[in-house]
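Working notes, beginning with the structure itself.
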Amino acid sequence: MEQTQLNVKQFSADSFEPLIHAERESREKIVAPSLTFLQDSWRRLKKNKGAVISLFILIAVAVIAFGSIWVSPHDPTKQNVKYINLPPKIPGVSLDGFNGTALIGGQRVDKYAQANVPEQVHFYLGTDGLGRDLLSRLLMGTRVSLIIAIIAALLDLSIGVTYGMISGMKGGKVDNVMQRVLEVLSGIPNLVVMILMLTIFEPGMTSIILAMIVTGWITMARIVRAQALKIKDQEYVMAARTLGESSSKIALKHVLPNISGVIIVQMMFSIPSAIFFEAFLGFIGLGLRPPAASLGTLLNEGYKTFRFLPHLMWAPAITLSVIMVCFNLLADGLRDAFDPKMKD
Amino acid sequence: MNQVAMPNKLLDVQNLKQYFHPGQENEVRAVDNVSFHIYEGETFGLVGESGCGKSTTGRSIIRLYHPTDGEIYFNGEDISKLKGKKNMQQFRRDIQMIYQDPYASLNPRMKVQDIIAEGIDIHGLAESDADRNQQVNDLLELVGLDKSHATRYPHEFSGGQRQRIGIARALAVQPRFIICDEPISALDVSIQAQVVNLLQELQRKKNLTYLFIAHDLSMVKYISDRIGVMHFGKLVEVGTSEEVYRFGLHPYTESLLSAIPLPDPDYERNRRRVTYQAPKEDGKERSLKEIASGHYIYCSDDEVPFYQKKLEQKKRQ
C-alpha cells in the first residue's frame with residue numbers, strides 16, 4: 001500500500017499532459033473513399049464477367065445496328081430479281097456455306113457464277129427471295145426491334161412507375177381501387193388487344209408499341225407499388241414527414257432513389273420480353289409491313305424456305321437469341337450489383 | 001428559481017386515444033385514454049413492455065397518426081386539431097423526433113449534409129448555400145462529428161455516429177420539444193452512454209424538453225425527471241423518477257422494477273421476480289388518480305386509500 005502511494009507522489013503535476021484533441025478526431029476519421037450508390041454498383045458489376053461481356057456485346061450490336069443507317073453494305077430494301085436466293089459469300093473464306101456455293105441435286109454449284117454476279121460483289125449473309133441483301137436487312141431489323149423494345153420499355157417505365165408510386169404512397173381506398181383496375185387490365189390477353197388495335201390502326205411501329213404498353217406496364221406498376229409500400233414505413237420517411245416534407249417530395253427524394261435499382265432491373269428484364277413479343281407478332285404476321293423489317297418478320301420470311309435456304313432463318317434467329325441472352329445476363333448482373341444482399 | 005416553483009406545462013396530453021381500424025372487427029386500441037403533461041425543460045420518461053403503445057403515443061403527439069380522440073396542448077395550443085399548412089409547418093419546427101433504429105432512420109441514398117439540411121431546406125432557414133453549409137457544420141460539431149463527414153453516406157458510419165446524425169437532423173430546425181423514440185435501444189451498451197450524455201448536454205445548452213420513450217427502466221431513471229409507466233395502451237403510474245423507481249405502487253410497475261438486474265451476486269441470488277397479474281374485470285371505473293402530490297396511479301376510487309397506505313408503508317421501510 002505504502003509503496004503505491006509513494007509511486008503516485010513521485011509524479012509531479014507537470015509531467016501530465018492533456019490528451020491531444022486531434023487524436024480523438026482522428027479516431028472518427030473515415031479513410032475509405034466515399035462511393036456513391038452507382039459507383040459502388042459499377043464496382044460490383046465489373047466483377048461479373050458474364051454481365052460485362054453482355055454489356056459490350058449489346059453496345060456493339062446497338063452501335064452497328066444504328067450505324068447502318070449511314071453505312072450499310074447494300075440497300076436493305078432494294079430488290080434485284082437477278083440475284084435472288086444467293087447463299088452467303090464472304091471473301092477469303094472457302095468454307096462450304098460461306099463461299100457462295102450451294103448443294104443442288106447432290107452437286108456443289110457456284111450460285112454467284114450462275115447469277116453472273118460480278119467478282120467484287122459479295123453478299124456476306126446471302127440474299128432473300130427478292131434479291132435483297134440479308135445482312136443489310138438484318139441490321140435494319142435489329143435496329144427496328146431494339147427501337148420498339150426500348151420505347152415500349154421506357155413507356156412501361158413511366159406509366160408503371162407513376163401508377164405504382166401513386167397507388168403505393170396514397171394507400172387505403174385509392175390503392176384498393178387502383179389495384180382492382182390493374183387486375184381487370186391484366187386479365188385482357190394482349191394478343192387480343194393487338195388484333196383489335198390492327199383493326200383501327202395501320203400495322204406499324206406505333207400500333208405495335210401501343211399494343212405492348214396497354215398491358216406491359218402492369219408488372220412494373222405492381223413492383224413499384226410493393227416497394228413503395230415497403231419504403232414508406234421506413235423511419236427516414238417518417239423523419240421527413242415530421243420535418244414537414246410534402247408527400248410528392250417524399251416520393252421523389254426518398255422513395256424513388258431507394259427503389260431505382262429494382263426499377264432498372266425490371267426494365268432490363270422487360271426489354272428482352274418486348275423484343276420477343278415483337279418478334280412473335282412479326283412471326284405470326286401481325287408485325288411490320290414489308291419492305292420494313294424486324295427480327296420477327298425476317299424469321300417469318302426465313303422459316304418458309306428453311307429446308308432449302310437455311311441461312312435466311314439462321315441469321316435472324318441467332319441475332320435474336322444473342323440479344324435476348326445478353327439482356328438477361330446483364331439484368332441478372334445488375335440485380336446482383338444493385339442489391340448484393342438480395343433483399344428485394 | 002421562479003421556473004421551478006411555477007413550471008410551465010409545455011405539453012399537455014388529455015384523454016388521448018389512438019385506435020386503429022376503429023369500429024371494425026380488428027380494432028386495436030393502441031393508446032387508450034392517456035393523459036399526462038410535460039413541464040418545460042424536463043425529461044419525461046415513458047416506459048412499458050413492447051407493444052404497449054409507447055411509440056404510438058409519441059407518433060400521435062407528433063401527428064404521424066391522426067389521433068382518434070383527445071386533446072394535445074402544446075404551449076397552450078391544441079395541436080390535435082391543427083389545420084392549415086402554415087400552422088402545421090410551425091408545429092413541425094417546434095416538435096421533432098429521434099428514431100429508434102439508426103440503420104433505418106437515415107436515407108441510404110443521401111449524403112449526410114443533405115440529411116441534416118433537410119429541415120433547413122423545407123423551412124427555408126438558410127439564406128445561402130454557404131449559410132446552409134455553415135449550419136450543417138455547426139450541427140455536426142454540436143453532436144461531436146467531424147466536418148469532413150458531411151459529404152459521406154450513412155452506410156459509412158457506425159450505429160452511434162448514425163444516431164448522432166439523426167439528432168443533428170432533429171436539431172436543425174431548432175425545436176423546443178424532442179420525442180426520443182427508444183433512441184438507444186438499438187445501440188451497443190458502451191455507445192448508449194455516449195448518446196444519452198449527448199442528449200443531456202444538448203438539453204442544458206438549448207433548454208430542450210424531452211419525451212424519452214424506452215423500455216429500460218434504469219436508463220429512463222437516469223435521464224428522466226418524471227416517469228410514466230404504460231401497460232396495454234394505458235398509463236398505469238406517473239410520478240417523479242425517484243418516486244416511481246423507489247416506491248413504485250402499481251402491481252405492473254412493481255413487476256417491472258423486480259426485473260431490473262444489478263451487478264451484485266448477493267442481490268441477484270435473492271432477487272424474486274414479481275409476475276404481473278392483471279386485475280379481474282370487476283366493472284369498476286378506473287382512471288389516473290393522484291395518490292400523493294405528483295404521484296398518479298391508474299385505479300378506481302375505492303382503491304385510492306389502499307394505494308396511499310401502500311405508499312406510506314414503502315416509505316417507512
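Please treat every number below as a calculation from the coordinates, not as lab data. Computed from a predicted model, the values in this text were never measured in an experiment. Ideal geometry is used to build each Cβ from the backbone, glycine not excepted, and the neighbour counts take in all protein chains shown.
A few points about this structure:
- Remark: spin-label model distance residue B:27-residue A:325 equals 6.4 nm, labels positioned 7 Å along the Cα→Cβ axis.
- With the charge dipole of the protein assembly as shown set up from +1 on Lys and Arg Cβ and -1 on Asp and Glu Cβ about the Cα centre, the Cα lying farthest toward the positive end among the listed residues B:91, A:37, A:139 is that of A:139.
- Tensor-based shape of chain B (alpha-carbon gyration tensor, a/c under 1.5 rounded, otherwise prolate or oblate): prolate
- Computed helical MRE - 222 nm, chain B, DSSP H runs ≥ 4 contributing -39500 (n - 2.57), nearest 500: -10500 deg cm²/dmol
- Residue-averaged beta-carbon neighbours from other chains (10 angstrom radius) around B:113-122: 3
- Nearest-20 debye value, the protein assembly as shown charge dipole, Cβ charges on Lys, Arg, Asp, Glu: 1480
- Inter-label distance, nm, simple model (7 Å from Cα along the C-beta direction), residue B:189/residue A:184: 6.1
- By average C-beta atoms within 10 angstrom, highest first, the peptides B:94-107, A:262-275: B:94-107, A:262-275
- Expressed to the nearest 5 percent, the antiparallel share of DSSP beta bridges inside region B:2-316 is 60 percent.
- Proximal lysines relative to residue A:46, as straight alpha-carbon distance under 26 Å, when same-chain residues fewer than 8 apart are discounted: A:341, A:343, B:111
- In degrees, nearest ten, helix A:256-283 long axis to first principal axis of chain A (Cα): 10
- The shape of chain A comes out oblate: with a ≥ b ≥ c from the C-alpha gyration tensor, a/c is at least 1.5 while a/b does not beat b/c.
- Rounded to the nearest 10 degrees, the angle from helix B:129-142 to the longest Cα principal axis of chain B is 40 degrees.
- Take each residue in B:96-107, count the other chain C-beta atoms within 10 Å of its C-beta, and the mean is 4.
- Dipole magnitude (debye, nearest 20) for region B:2-316, charges at Cβ of Lys, Arg, Asp, Glu: 80
- When DSSP beta bridges are restricted to pairs lying wholly in the protein assembly as shown, around 65% turn out antiparallel.
- One Cα centroid belongs to region A:75-105, the other to region B:20-34; the line between them spans 80 Å.
- Look at the dipole of the protein assembly as shown built from charges on Cβ: of A:48, A:294, B:107, the Cα furthest out on the positive end belongs to A:294.
- For A:217, A:70, A:42, order by how many other beta-carbon atoms lie within 10 Å, fewest first: A:70, A:42, A:217
- Computed label-point distance, nm, for sites residue B:292 and residue B:82 using a 7 Å Cα→Cβ extension: 3.7
- Rounded tilt (10° steps) of A:205-231 against the dominant C-alpha axis of chain A: 20
- Helix-only [θ]222 nm of chain A, DSSP H runs n ≥ 4, -39500 (n - 2.57) each, per residue, nearest 500: -21000 deg cm²/dmol
- Extreme residue, positive dipole direction of the protein assembly as shown, given options B:260, B:76, A:152 (C-beta unit charges): A:152
- Listing A:40, B:146, A:156, A:233 from fewest to most neighbouring C-beta atoms within 10 Å gives A:233, A:40, B:146, A:156.
- Within the listed set B:93, B:269, B:176, the Gaussian network model of chain B (springs between alpha-carbon atoms below 10 Å) gives the highest mean-square fluctuation for B:269.
- Whole-angstrom gap from region A:265-332 to region B:82-103, using each part's C-alpha centre: 55
- Counting every other Cβ atom within 10 Å of each residue's Cβ, A:47, A:173, B:147 order from fewest to most as A:173, A:47, B:147.
- Region B:141-228: C-alpha gyration tensor shape, a/c 1.5 cut-off, then a/b vs b/c: oblate
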